[in-house]
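The values are calculated or read from the model by the stated rules, or taken from the named source; none is laboratory data. Keep in mind it's a predicted model, so treat the numbers as computed, not measured. A quick note on method: Cβ atoms are made from the backbone with ideal geometry, for glycine too, and the neighbour counts reach across all protein chains shown.
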Amino acid sequence: MRPTVRQLEYVVAVADHRSFRRAAAACHVSQPALSTQIAQLERGLGMQLFERDRRRVLVTPVGEQVVAQARAVLAAVDELVEGVGAAREPLSRGLRLGVIPTVAPYLLPRVLPAVRGRHPRLRLALREDQTARILADLDAGRLDACLLATPVPGDVATAELYREDFLLAAPLGHPLLAKRRLREADLDGEPTLLLEDGHCLRDQALAVCQDAGAVEATELRATSLPTLVQMVASGMGVTLLPETAAAVLVPGPRSGVGLARFVDPPGRTIGLVWRMSSARGREFRVLADLLTREAEAYLASLRATKRR
């Protein structure tokens, strides 16, 4: 017996919801119709996929294997349909985009208007999360592409978009802000605040601090960049901020924080990443080219304002 796509959708829905009733509602069918299709599939395979009683639904060991393969098949079917649509008209369908928290609120408001203007039929669904979870969702087919700091592990395609500098953020009046030629070595012995584990920016900033001899304030770790800036304003230490975030989070002296650029600035590269197997690679490169132009124009405006 060859399962139908609909049966595979029902299997995945039951596994996700652990309930035939909720799975039927999610698939917009009646519960008896969904149950009948699952039963037909189990008879055809000669294996029980789910244990069910009045209280709960459990996935059998064989069911777990079938569910995993069903997800892969459904993802491949989606790729086929999306690839045909992308060939007809790039960026005219739905796009599930994952974005890391240190990029989403600082870059997207600057670049998305141009994306919408150029591709008005694009339906963009954004998911903000840490790198590891975004990559897991990308691999599982729950996301189509993602914006994050590169390079990343895994069998993925990457289009580098832009590189941004790290700026020193320190409390107003801090001696480092008075230096005309700030170098990484100036951080030697300086208490430095970083994000909590799981943020890729933490790893990048930590590498800079370790090379410079800075001392991480391990008892103080922030969950977000706004929190990090507030900690700096309170005099708890200094930190490194990507310049797109610094432009938003440190708008002026009233923030209680000053910014300084390095002579040879450390930084990070942001890229658009998607599965190597995706049929939408050409489409994503069109998006990457547009994002690159908009991001580089924005960064150029920030740097020109700073020089003035």
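Filtering the stretch 2-16 to residues that are within 26 Å of the chain's Cα centre (by Cα) and farther than 24 Å from residue 53 by Cβ leaves nothing.
Residues satisfying the criterion are absent from the stretch 269-281 (criterion: free of Cβ contacts under 8 Å to residues at least 12 places away in the same chain and assigned to a helix (DSSP H, G or I)). If you go through the stretch 243-260 and keep only what is modelled with pLDDT under 90 and in contact with a helix residue (DSSP H, G or I) (Cβ under 7 Å, 6 or more places away or on another chain), you end up with just 255.
Residues that are touching a residue at least 40 places away in the same chain (Cβ under 8 Å) number at least 1 in the following helices (runs of 4 or more DSSP H) confined to the stretch 2-112: 5-17, 31-45, 61-88. Listed by first and then second residue, the pairs with beta-carbon distance under 7 Å, at least 6 apart or on different chains, first residue in the stretch 183-204 and within 17 Å of residue 103 (Cα to Cα) and among the basic types (Lys, Arg), second modelled with pLDDT under 85 and part of a strand (DSSP E or B), are 202/194; 202/195.
Tell me yes or no: at least one residue of the stretch 134-141 is in the same structural domain as residue 287 (by TED's automatic domain parsing), under 12 Å from the mean Cα position of the chain (by Cα) and not in a helix (DSSP H, G or I).
Here is the first cut: in the stretch 134-141, the residues in the same structural domain as residue 287 (by TED's automatic domain parsing) are 134-141.
Add one more test, that the residue is under 12 Å from the mean Cα position of the chain (by Cα), and what stays is 134-138.
The next check asks that each one be not in a helix (DSSP H, G or I); those that pass are none.
So far as the stretch 134-141 goes, no, none of its residues is in the same structural domain as residue 287 (by TED's automatic domain parsing), under 12 Å from the mean Cα position of the chain (by Cα) and not in a helix (DSSP H, G or I).
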